[in-house]
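Chemist: Take this structure, written in structure tokens, and hold onto it; I'll ask about it next.
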Amino acid sequence: MGASLPPKEANLFKLIVKSYETKQYKKGLKAADAILKKFPDHGETLSMKGLTLNCMDRKSEAYELVRIGLKNDLKSHVCWHVYGLLYRSDREYREAIKCYRNALRIDPDNIEILRDLSLLQAQMRDLTGFVETRQQLLTLKPNHRMNWIGFAVAQHLNANAIKAVEILEAYEGTLEDDYPPDNERCEHGEMLLYKISLLEECNLIERALEELHKKETKIVDKLDYKEQEVSLLVKLDHLEEGAELYRILLSMNPDNYRYYQGLQKCLGLYAENAQYSPDEIERLDDLYKSLGQKYSWSSAVKRIPLDFLQDDKFREAADNYIRPLLTKGVPSLFSDLSPLYDHPGKADILEQLILELEHSIRTTGRYPGRAEKEPPSTLLWALFLLAQHYDRRGQYDIALSKIDEAMEHTPTVIDLYSAKSRVLKHAGDLPAAAALADEARCMDLADRYINSDCVKRMLQADQVPLAEKTAVLFTKDGDQHNNLHDMQCMWYELASGESYFRQGDLGRALKKFLAVEKHYADITEDQFDFHSYCLRKMTLRAYVEMLRFQDRLHSHAYFHKAAVGAIRCYLKLYDSPLKSTSEEDDEMSKLLPSQKKKMRQKQRKAEARAKKEAEGKNEESSVSGVSKSGKRHVKPVDPDPHGEKLLQVEDPMLEATKYLKLLQKNSPESLETHLLSFEVNMRKQKILLAFQALKQLLRLNSEHPDSHRSLIKFFHKVGSMPAPVTDNEKLIWSVLEAERPLISQLQGKSLIEANKNFLEKHQDSLMHRAAVAEMLYTMEPEKKSEAIKLIEESTNNMVPKSGSLGPVKEWKLKDCITVNKLLETIIVDPVAALRWKERCAEYFPYSTYFEGNRSSAVPNSAYNQNGSANHSEGGQSAESIAVNGKLEAFKDLTVQP
């Protein structure tokens, strides 16, 4: 390194390297310039100067200098290494690996380059290469602990856990008997636990348990030791010892649900489906009664029996569980009880119990059978619990009456306003829900959760500007967009994207969805620093778990939503392409002079408004961009704030395919994935890929309305195609002819018959009837009236009594809105759509979409006392809706940082 330079310049070169490592970049540049004055073509100095400039955000200069340096000295491993570091900083990992390999051809035993290469191989999951590099590092430096551990982890990741165990044992063989010293006991103990987890993974359970007992004194984390021991005992069927150890763990933490579950397994009283015989229930009851006496302060020991007890015993246990929590005033009580609503019959028992408690407190001020008087707040929390209960059961009228009574009782409890907002959202009045959430927010301006809840309601009501202004209250420097993006606030970006999509603003919607996709790319990149850190700190089990999490990162629900949203935007863009400038000019030329004038005035006003908003934001950022030290923080300006450039893609289907491939890889069991694959490939005329997606839909759920719709659409489209001419077309045709008889829905039937059969199977389902109607209209447009009749003859029956819902009708608001859009946009019958809207307004009186008589869309309704109607699906302004209370004066307050 710098060997070709005279001694003085060689020392200066060492100073450049040291300055780079200590981040003294100006000092490094000064030294580089001093060398280059005498030796302007010195390749290694040019490369190091480029690397230093790269750290100072002068990337174009950096790349130019490094390339010149490499050109001047192709045989230098330093030049190749620096070029690799440059690529690594720009996340061009494959190019960086190529540069490192070139550097190693020149200097094969360079430990720094090998270490950097191993990090990139771990990042890119080149596991075979990772093993080779780690082995080479160990061979070169066998006295370094990190090299042994790195080689073992590499073998483990490469699915060779036995080899990893052998390497760790060989490493232990190099240690002295009194190892480790006190300052390394934690790291060594973690390494031993990692080794035992490897033995367990290899199914060498007895050997793992023996090793655990042998190394007990050297393992510092005693809780992990016990948890590992009990796991091994259970796998070896040593259930008595396991039960005893679980009881010891429970004495350490009696609120850990996993310990209770483990104890049940050891006693033979655990079932995955939670179905128990009467004898098992009796034994479980006795077990938890004895545990309850021992751990009377534990909430878990009282809550778990509610999952398996039935009838009177369930009622008694629920009564004992609910009473103290109502007295204490625990707002999360309903969330705790909510899973019980999926158990047949338990929702009815809970309803009777809570009503009885409420009636007794209201009339006597006491619980039934108790002499002590309850505080007045107990009635409030009983009403609050009842309101949430009726909301869960779909009885929104009763839920609202109970919550109103609770608000009358104590009008200052914020949870009541949030709960009422939630009920109104479920009932379909999104603007009123947003207004109630805003009122709750105004009651405690320092609560971030309530603020976020309010923002979410506003976005659901399509009040995006208002939501942005509310979100800014809890962001640094008042710069909501950059800050929320930097904080990776994905729920906000997804909700904003969905709102923009509903409003038809595809540019902004795409921008939000792609921002979420970028967060996942950043999360993938963030693992890079841990490849060396975790080996150094010996957090090996957490490291392997993190890598496995990263491998399934894109199967996370938020990424799925973002990818689905982006694909839907591209589908809509493909179906309705943006008009070119020439087309817009042609349309303008057809207008009358007066209409042209009005159009231009509108455009000028819109431009002026946008300019004013931008100036306002710039002023805010310039004021807030000055820190306490007086330094100005320069914030990046978004070159495409409305996502207009994102819409100017040549091929929307090509962009959609990128995200579709990620969904197919990471969410293959999702119906939505294959439905989108079908839609995209049908538009691309990729018949076999569309058929593949169709087969996946039928595999996952052949009775789903969307699966049926896709099946009929596909074969109707294929049937209308011209006869095959080319060899490729003939091959596709032969594949479809061979596959069609294998589809059970079409065996020996025409598409019309298959459609009728599907209707006969699902006579009572609204969405199935709508799918049949849509396909009937697609195949036979002249039967439009028959298709409409199919929908209108649907009956809204009562839901079965055994479920979580109360005595309510089957139809869901979301489904009815979908059917209305089908009548408006696909079947295109405004009269039928209006009839449907009027019918649904009776079923959903709080729905603003259907303009129900109790919704804020209707003048003089309970939630629109100002008389201003709101006819949009989500509503446009929360200010037109009257809110309960006198809190308007607080709305202009902001939270001071």
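The values are calculated or read from the model by the stated rules, or taken from the named source; none is laboratory data. Bear in mind the structure is a predicted one, so any value in this text is a computation, not a measurement. Please note: Cβ atoms are built from the backbone with ideal geometry, for glycine as well, and neighbour counts cover all protein chains shown. Areas reflect the complete protein model, heavy atoms only, side chains present, ligands, DNA and RNA absent. Shrake-Rupley method; radii C 1.70, N 1.55, O 1.52, S 1.80 Å.
Chemist: Residue by residue through the stretch 161-198, note down the ones that are among the aliphatic types (A, V, I, L, M), open to solvent by 50 Å² or more (accessible area, probe 1.4 Å) and closer than 17 Å to His213 by Cβ.
Modeler: none
Chemist: What number goes with the only condition from (1) aliphatic (A, V, I, L, M); (2) more than 15 Å from Val544 (Cβ to Cβ); (3) modelled with pLDDT of 95 or more that Met146 does not pass?
Modeler: Only one criterion in (1) aliphatic (A, V, I, L, M); (2) more than 15 Å from Val544 (Cβ to Cβ); (3) modelled with pLDDT of 95 or more is unmet by Met146, namely (3).
Chemist: From Glu703, Glu737, which residue is free of Cβ contacts under 8 Å to residues at least 12 places away in the same chain and of a type in the set (Asp, Glu)?
Modeler: Values: Glu703 fails: free of Cβ contacts under 8 Å to residues at least 12 places away in the same chain.
On inspection, the qualifying residue turns out to be Glu737.
Chemist: I would also like to ask the following. Taking the stretch 763-814 as the search range and keeping residues that are β-branched (Val, Ile, Thr) and modelled with pLDDT of 90 or more, which one is farthest from the chain's Cα centre (by Cα)?
Modeler: At the first step, the residues of the stretch 763-814 found to be β-branched (Val, Ile, Thr) are 772, 778, 788, 791, 795, 799, 808.
Retained after the next criterion (residues that are modelled with pLDDT of 90 or more): 772, 778, 788, 791, 795.
Values: Val772: 33, Thr778: 36, Ile788: 38, Ile791: 35, Thr795: 37 Å.
Here the residue is Ile788.
Chemist: Could you tell me whether Ala347 is part of a helix (DSSP H, G or I), in contact (Cβ under 8 Å) with a residue 40 or more places away in the chain and buried (at least 18 other Cβ atoms within 10 Å of the Cβ)? Give the derivation first.
Modeler: Details: part of a helix (DSSP H, G or I): yes; in contact (Cβ under 8 Å) with a residue 40 or more places away in the chain: yes; buried (at least 18 other Cβ atoms within 10 Å of the Cβ): yes.
Taking the combined requirement at face value, the residue satisfies it.
Chemist: If you don't mind, another one. For Ala419, work out the one condition from (1) over 20 Å from Cys442 (Cα atoms); (2) modelled with pLDDT of 95 or more; (3) of a type in the set (A, V, I, L, M) it doesn't fulfil.
Modeler: (1)
Chemist: From the list Asp505, Asp522, exactly one residue is under 25 Å from Glu92 (Cα atoms) and of a type outside the set (A, V, I, L, M, F, W, C). Which is it? Before the answer, list the steps.
Modeler: Working: Asp505 fails: under 25 Å from Glu92 (Cα atoms).
So the residue among Asp505, Asp522 that is under 25 Å from Glu92 (Cα atoms) and of a type outside the set (A, V, I, L, M, F, W, C) is Asp522.
Chemist: What number of residues within the stretch 408-422 are aliphatic (A, V, I, L, M) and open to solvent by less than 20 Å² (accessible area, probe 1.4 Å)? Walk me through it before giving the result.
Modeler: Our first condition is that a residue be aliphatic (A, V, I, L, M); within the stretch 408-422, this holds for 413-414, 416, 419.
Those left that are additionally open to solvent by less than 20 Å² (accessible area, probe 1.4 Å): 416, 419.
Matching residues across the stretch 408-422 total 2.
Chemist: Also, I was wondering about something else. Looking at Ala738, Ala770, Ala787 in this structure, which one is surrounded by fewer than 19 Cβ atoms within 10 Å (Cβ to Cβ), hydrophobic (A, V, I, L, M, F, W, C) and within 25 Å of Leu675 (Cβ to Cβ)?
Modeler: Ala738
Chemist: Let me ask something additional. Take the stretch 790-805 and flag every residue that is open to solvent by 30 Å² or more (accessible area, probe 1.4 Å) and of a type outside the set (A, V, I, L, M).
Modeler: Narrowing the stretch 790-805 to residues open to solvent by 30 Å² or more (accessible area, probe 1.4 Å): 792-793, 795, 797-798, 800-803, 805.
The answer is Glu792, Glu793, Thr795, Asn797, Pro800, Lys801, Ser802, Gly803.
Chemist: Between Asn728, Asn666, which is more than 23 Å from Leu759 (Cα to Cα), within 32 Å of the chain's Cα centre (by Cα) and either open to solvent by 50 Å² or more (accessible area, probe 1.4 Å) or of a type outside the set (Ser, Thr, Tyr) (or both)?
Modeler: Working: Asn728 fails: within 32 Å of the chain's Cα centre (by Cα).
That would be Asn666, the only listed residue that is more than 23 Å from Leu759 (Cα to Cα), within 32 Å of the chain's Cα centre (by Cα) and either open to solvent by 50 Å² or more (accessible area, probe 1.4 Å) or of a type outside the set (Ser, Thr, Tyr) (or both).
Residues checked against (1) out of contact with any Ser or Thr (no Cβ under 6 Å at 6 or more places or on another chain); (2) at pLDDT 95 or above; (3) open to solvent by 10 Å² or more (accessible area, probe 1.4 Å); (4) under 29 Å from Arg88 (Cα atoms):
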{"residue": "Met458", "(1), (2), (3), (4)": "yes, yes, no, no"}
{"residue": "Glu468", "(1), (2), (3), (4)": "yes, no, yes, no"}
{"residue": "Val472", "(1), (2), (3), (4)": "yes, no, yes, no"}
{"residue": "Gly478", "(1), (2), (3), (4)": "no, no, yes, no"}
{"residue": "His481", "(1), (2), (3), (4)": "yes, no, yes, yes"}
{"residue": "Gln488", "(1), (2), (3), (4)": "yes, no, yes, yes"}
{"residue": "Glu498", "(1), (2), (3), (4)": "yes, yes, yes, no"}
{"residue": "Asp529", "(1), (2), (3), (4)": "yes, no, yes, yes"}
{"residue": "Leu535", "(1), (2), (3), (4)": "yes, no, no, yes"}
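Chemist: Select from the stretch 815-838 the residues that are under 12 Å from Ile791 (Cα atoms) and open to solvent by 80 Å² or more (accessible area, probe 1.4 Å) and list them in ascending order.
Modeler: Arg835
Chemist: Which numbered condition trips up Leu698, out of (1) open to solvent by less than 70 Å² (accessible area, probe 1.4 Å); (2) under 41 Å from the mean Cα position of the chain (by Cα); (3) farther than 23 Å from Leu663 by Cα; (4) of a type outside the set (Lys, Arg)?
Modeler: Checking Leu698 against (1) open to solvent by less than 70 Å² (accessible area, probe 1.4 Å); (2) under 41 Å from the mean Cα position of the chain (by Cα); (3) farther than 23 Å from Leu663 by Cα; (4) of a type outside the set (Lys, Arg), the one that fails is (3).
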